[in-house]
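In what follows, a single structure is set out as structure tokens and then discussed.
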Amino acid sequence: MAGTTYEIEDKSLVEQIVADVTNAAHELVEKAHLSKGNIVVVGCSTSETLGNALGSHSTPEVGKAIFDALQGVFAPLGIYIAAQCCEHLNRAIIIEREAVPDADIVNVLPQPKAGGSFATACYRGLKRPVAVEHIKADAGLDIGGTLIGMHLREVAVPLRLSQKNVGKASLAAARTRPKFIGGERAFYDESLKDGYPKSC
């Protein structure tokens, strides 16, 4: 049924998911050299974290647990979560308004089966959430193969985290860096090799 969501009986699996995503967030901050004002796009299939097929078992309890865990790492550092909705909302983004003050917002309220449980949790948990169609994030976490590349800045660089899974879902991560331009005669700012400066 289109409106059906699921609860889980094994609470230890939720605890494992929280531990996994917390570890991944800390590692991403370190390896992507994230700092205040940076944006991390997160695609998340709660179905996959529980060992089910993408989009088949949307689970609000897990979506909220993952959001809370990520906020626990990112918020104290001033880093913003950009929650990627599912394909039914064309992979729109839910984010704090202050992170994208000049963005064109769109009108949609994510739901577990039309946006996803994680995006829904973000919308309910952020202070002033808005939906936007496009964003260029500084780094990303893809939980369950949701394909976040369309919302990353150029140039995306894969990160090999030691945390390979969140629950039963595969985990991929990326950072971004400015393009090198100019060819063999060009000189480069070495400080930009690891990412964008805070003011970008």
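Work out the FRET efficiency for Lys193 and Ile105 from their Cβ-Cβ distance, taking R0 = 35 Å, and round it to the nearest 0.05.
0.55
Can you give me the relative contact order of the chain as a percent, contacts being Cα pairs under 8 Å and 6 or more apart? Don't skip to the end; give the middle numbers.
Working: 420 pairs, mean separation 50.4, N = 200.
Relative contact order here is 25 percent.
With 25 Å as the limit, write out which pairs from Lys36/Lys64; Lys11/Lys127; Lys136/Lys168; Lys36/Lys136; Lys64/Lys179; Lys36/Lys193 have Cα-Cα distances beyond it, or answer none.
Result: Lys11/Lys127; Lys136/Lys168; Lys64/Lys179 exceed 25 Å.
How big is the stretch 82-200 by the Kirkwood estimate over distinct Cα pairs, in Å?
With all distinct Cα pairs of the stretch 82-200 included, I get 15.8 Å.
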Please give the net charge around Gly149, taking every other residue with its beta carbon less than 12 angstrom from that of Gly149, where Lys and Arg add +1 and Asp and Glu add -1.
-> +1
List, largest first, the extents of the alpha carbons of the stretch 94-152 along their principal axes, each in whole Å.
-> 29, 25, 17
Cα-based shape type of the stretch 40-136, given that a ≥ b ≥ c are square roots of the gyration tensor eigenvalues and the cut on a/c is 1.5 | oblate
Local electrostatic count at Lys193 - Lys and Arg +1, Asp and Glu -1, tallied over other residues with Cβ under 14 Å | +1
Per residue, the convex hull enclosing the Cα atoms of the chain spans a volume in Å³ of 117 Å³
So for the pair Glu133, His26, with labels modelled 7 Å out along Cα→Cβ, what separation do we get in nm?
-> 4.0 nm
Residue among Ala65, Ala174, Ala83 with the largest mean-square fluctuation in a Gaussian network model of the chain, springs linking Cα atoms under 10 Å | Ala65
Nearest 20 debye, what's the magnitude of the dipole of the chain about its Cα centre given +1 on Lys and Arg Cβ and -1 on Asp and Glu Cβ?
-> 320 debye
With Cα atoms, 0 to 90° folded angle of helix 60-74 axis to the chain main axis = 30 degrees
Can you list the aspartates and glutamates whose alpha carbon sits under 14 Å from that of Lys164, skipping same-chain ones fewer than 8 residues off?
-> Asp20, Glu27, Glu48, Asp142
Tally Lys and Arg at +1 and Asp and Glu at -1 over the other residues with C-beta under 11 Å from the C-beta of Gln16: what net charge comes out?
-> -1
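FYI, it's all coordinate maths here, none of it is from the lab. Predicted model, so just to flag it, every value in this text is computed and none were measured. We place every Cβ from the backbone using ideal geometry, glycine too, and count neighbours over all the protein chains shown.
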